[in-house]
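Worksheet: the structure to be examined is printed underneath.
The values are calculated or read from the model by the stated rules, or taken from the named source; none is laboratory data. Quick caveat: nothing in here was measured; it's all calculated off a predicted structure. Cβ atoms come from the backbone with ideal geometry, glycine included; neighbour counts cover every protein chain shown.
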């Protein structure tokens, strides 16, 4: 069955790679992008998403503006570490032409609700930034939790966080929203650092895109090389850059890529561990587990599929 996907993106480097993978996957139909903040400001996420979609040959896919910041915070500003990893423009300081089109007038919250009603089980919603848009949609329409399937990139259950010893970046941007999502009862698979740091891209991989000799291939290669260089500073022993957001998109298309642990989750929203994803003790023994955490990943199959699909996409440019 072809799955209809909405990607909710704070469009930085790995978000752009998630777009590429989704477009290249015959089992997926990307019906829209909703914008959020994190790697960049929300308005820059809109800009980057539109530009990347156009470059990759998908100018008809709509991009919808999301909420610009967490409801519990003031104006959002990009963290220095995010700007270092993704570049000030979010896409590795690579130049890319602005799209001639603009964002849609319908906002992310309404799009999530309307799409869930229209497509039902066919739809998978894939947030790869803070969960602000999804939490707002669930608050506006609590019945959404009964209809929506979510595969999110975020969190860390068995490994350390990347913004603190306990918190992962996307969850830490809006812990209150993430906690509300996990407690809502929505069907959610958490694809976190437990598995995404096992799926690594290297210069050898990006060379294949550069060899394609196309604008799309050069863009993806230049952008991802920037990402790899940043990882050489922040995680020198890792050996490449993590394919965080593309793995979440891949799991939305093919859940068999990961093995999961069923658990009802919550997020710490107070105290020194704010932003930690952990099992909810109050719901630990409930027979129905609404969340699953990816703890194992078929690295070789994912990387082979990712490279084959994205390389074919850029060669067709």
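Couple of notes before you dig in:
- Breaking point among (1) touching a residue at least 12 places away in the same chain (Cβ under 8 Å); (2) surrounded by fewer than 21 Cβ atoms within 10 Å (Cβ to Cβ), for residue 204: (1)
- Some residue of the range 148-159 being surrounded by fewer than 19 Cβ atoms within 10 Å (Cβ to Cβ) and out of contact with any helix residue (DSSP H, G or I) (no Cβ under 8 Å at 6 or more places or on another chain): no
- Test: residue in the range 71-81 that is surrounded by fewer than 15 Cβ atoms within 10 Å (Cβ to Cβ) and touching a helix residue (DSSP H, G or I) at 6+ places or on another chain (Cβ under 6 Å): yes
- Residue in the range 12-29 that is crowded, with 24+ Cβ neighbours inside 10 Å, part of a loop (DSSP other than H, G, I, E, B) and at pLDDT 95 or above present: yes
- Filter result for residue 113 (within 24 Å of residue 17 (Cα to Cα) and either assigned to a helix (DSSP H, G or I) or in contact with a helix residue (DSSP H, G or I) (Cβ under 7 Å, 6 or more places away or on another chain) (or both)): no
- Qualifying residue in the range 84-104 (condition: modelled with pLDDT of 95 or more, under 16 Å from the mean Cα position of the chain (by Cα), assigned to a loop (DSSP other than H, G, I, E, B) and on the phi < 0 side of the Ramachandran plot): yes
- Scanning the range 114-147 for residues that are without any contact (Cβ under 8 Å) to a residue 24 or more places away in the chain and buried (at least 18 other Cβ atoms within 10 Å of the Cβ) yields a count of 0.
- Verdict on residue 263 being within 20 Å of residue 154 (Cβ to Cβ) and touching a helix residue (DSSP H, G or I) at 6+ places or on another chain (Cβ under 8 Å): no
- Subset of the range 178-194 [under 13 Å from residue 168 (Cα atoms), part of a helix (DSSP H, G or I) and touching a residue at least 60 places away in the same chain (Cβ under 8 Å)]: 178, 194
- Enumeration of residues in the range 57-66 that are in contact with a helix residue (DSSP H, G or I) (Cβ under 8 Å, 6 or more places away or on another chain) and surrounded by fewer than 23 Cβ atoms within 10 Å (Cβ to Cβ): 57, 58, 59, 61, 65
- Only a single item in (1) under 23 Å from residue 155 (Cβ atoms); (2) surrounded by 13 or more Cβ atoms within 10 Å (Cβ to Cβ) is not met by residue 315, and it is number (1).
- Within the set 301, 274, the sole residue that is surrounded by fewer than 21 Cβ atoms within 10 Å (Cβ to Cβ), in contact with a helix residue (DSSP H, G or I) (Cβ under 6 Å, 6 or more places away or on another chain) and modelled with pLDDT of 95 or more turns out to be 274.
- Number of residues in the range 31-55 that are part of a loop (DSSP other than H, G, I, E, B) and crowded, with 24+ Cβ neighbours inside 10 Å: the value is 5.
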